[in-house]
Each structure stands twice: as structure tokens, then as C-alpha cells.
Amino acid sequence: MMKTQKDPRAVVRHPISTEKSIRMMESENKLIFSVDRKASKNEIKKAIEKLFNCKVVSVNTMTISGSEKRAYIQFSPETPAIDIATNLGLM
């Protein structure tokens with residue numbers, strides 16, 4: 001049975017813009033996003049790659065107090081996280 005492809009905008013809700021996320025963007029080429037609680041790392045990776053036309057190296061997730069799930073996305077060196085943040089209006 002094939003899994004249906006989720007809409008990327010349903011998986012990835014919005015970027016998190018905090019001091020920590022800005023530091024991670026500059027030092028580790030990572031951005032933090034609020035994501036759907038039921039989304040798997042693989043679904044999150046595919047959604048980010050489709051939305052921003054980029055290459056994702058890794059996805060780490062963290063659930064906060066049972067209500068919000070955050071994804072820490074590390075982009076490949078040829079895709080600077082700062083460029084994506086600029087396109088999103090974070091910078």
C-alpha cells in the first residue's frame with residue numbers, strides 16, 4: 001500500500017526565529033521550523049526540499065510540552081541557510 005504524499009505546507013508550519021535559531025543558522029547552517037506533530041523526519045525532509053528547492057543533510061526533531069514539534073534542519077553546504085531565511089523574511 002502506497003502512502004499518499006502530504007502537502008508540504010501541512011507538514012511544515014512556520015520557521016522559528018529566536019536568538020538560538022539565528023546563531024545555529026550562522027554557525028551550523030541550520031534552521032528551526034514548527035512542524036506537524038505526526039510528521040516523520042523523512043516527511044519533513046521531503047517537504048523542506050520541495051518547498052525551498054534545496055538539499056537537506058539531516059533532520060532532528062523535538063516535541064515541546066506535548067503541543068509543538070520542532071524540526072532542526074541542516075542544509076547542505078551549497079544551500080546556505082541564511083539565503084532561505086532571507087527568502088522567508090527572517091533576516
Check your understanding: Of all residues in the range 22-34 being closer than 12 Å to ARG70 by Cα and in contact (Cβ under 8 Å) with a residue 40 or more places away in the chain, which is surrounded by the fewest Cβ atoms within 10 Å (Cβ to Cβ)?
Key -> ILE32
Exercise for review: Considering (1) part of a loop (DSSP other than H, G, I, E, B); (2) touching a strand residue (DSSP E or B) at 6+ places or on another chain (Cβ under 9 Å); (3) farther than 15 Å from ASN87 by Cβ, say which one ILE44 fails and leave the rest.
Suggested key: (1)
Point to revise | Residue count, the range 48-91 (criterion: over 18 Å from THR18 (Cα atoms), small (Gly, Ala, Ser) and part of a strand (DSSP E or B)) | key: 1
Check your understanding: Is it fair to say VAL56 is without any contact (Cβ under 8 Å) to a residue 24 or more places away in the chain and on the phi < 0 side of the Ramachandran plot?
Key -> yes
Study note, to complete from the structure: Scanning the range 6-42 residue by residue, those under 15 Å from MET62 (Cα atoms) and in contact with a Lys or Arg (Cβ under 6 Å, 6 or more places away or on another chain) turn out to be ILE32, SER34, VAL35, ARG37
Point to revise | Any chance SER58 is modelled with pLDDT of 95 or more, surrounded by fewer than 20 Cβ atoms within 10 Å (Cβ to Cβ) and either more than 20 Å from ASN87 (Cα to Cα) or aliphatic (A, V, I, L, M) (or both) | key: yes
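The values are calculated or read from the model by the stated rules, or taken from the named source; none is laboratory data. These numbers come from a predicted model, not from an experiment. Virtual Cβ from ideal backbone geometry, glycine too; neighbours counted across all protein chains shown.
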